[in-house]
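Working notes for the structure below.
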Amino acid sequence: MLEALGLTVDELEVSTASGENVREKLTKNDIIFVGGGNTFFLLQELKRSGADRIISGEVEKGKLYIGESAGAIAACPDIGYSAEMDAPEKAPDLTDYSGMNLVDFYVVPHLGHPEMGPGAETIIEKYSDKLDLKVIDDYQAILVEGEQVRILP
């Protein structure tokens with residue numbers, strides 16, 4: 001999809017890449033896109049590889065970060081709430097659920113999705129009075145520009 005938009009994609013499999021490769025790819029490219037999968041495994045590997053710190057530093061410098069599904073949740077202050085839709089046991093070495101803290105809210109993706117939607121609904125019921133949730137379906141995005149946060153249709 002990104003290539004169809006005219007972008008050059010330089011893939012990085014953070015769970016198998018060397019630290020040098022992680023640093024090189026995250027710093028040399030103009031945009032960082034982090035895809036989905038199991039949020040707990042993703043965060044475990046971002047932390048293990050040091051990619052979490054590199055991404056945070058690059059975003060602080062102004063680099064665009066795009067997170068899809070687990071990639072969006074990993075940008076939040078903490079990912080513990082996502083256990084309602086993901087299996088924490090897939091990341092046996094992850095002992096700290098603090099996310100990359102790129103945003104100060106909590107993304108709830110997949111509202112209405114046949115498989116993931118029930119987990120999203122449970123998160124809303126359980127955490128809506130405790131966390132600043134930003135709930136989106138699979139056709140929406142959250143745009144953060146400075147202090148402004150908008151949900152795009």
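Each reported figure results from applying straightforward, stated rules to the coordinates on display, with no laboratory input. All figures in this text were calculated on a predicted structure; none of them were measured in a lab. When we count neighbours, we look across all protein chains shown, and the Cβ atoms used for this are built from the backbone with ideal geometry, even at glycine.
Okay, here's what the table says:
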{"read-out": "Some residue of the stretch 72-84 being of a type in the set (D, E, K, R), within 17 Å of Val34 (Cβ to Cβ) and touching a helix residue (DSSP H, G or I) at 6+ places or on another chain (Cβ under 6 Å)", "value": "no"}
{"read-out": "Residues located in the stretch 33-50, provided they are more than 18 Å from Asp78 (Cβ to Cβ) and buried (at least 21 other Cβ atoms within 10 Å of the Cβ)", "value": "Ser49"}
{"read-out": "Unique residue being surrounded by fewer than 14 Cβ atoms within 10 Å (Cβ to Cβ) and more than 26 Å from Lys28 (Cα to Cα) when the list is Asp104, Asp78, Asp137", "value": "Asp104"}
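Every residue, every condition in (1) free of Cβ contacts under 8 Å to residues at least 40 places away in the same chain; (2) out of contact with any helix residue (DSSP H, G or I) (no Cβ under 8 Å at 6 or more places or on another chain); (3) of a type in the set (D, E, K, R), yes or no:
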| site | (1), (2), (3) |
| --- | --- |
| Leu2 | yes, yes, no |
| Leu5 | yes, yes, no |
| Leu12 | yes, no, no |
| Phe33 | yes, no, no |
| Gln44 | no, yes, no |
| Ile55 | no, no, no |
| Val59 | no, yes, no |
| Tyr65 | yes, no, no |
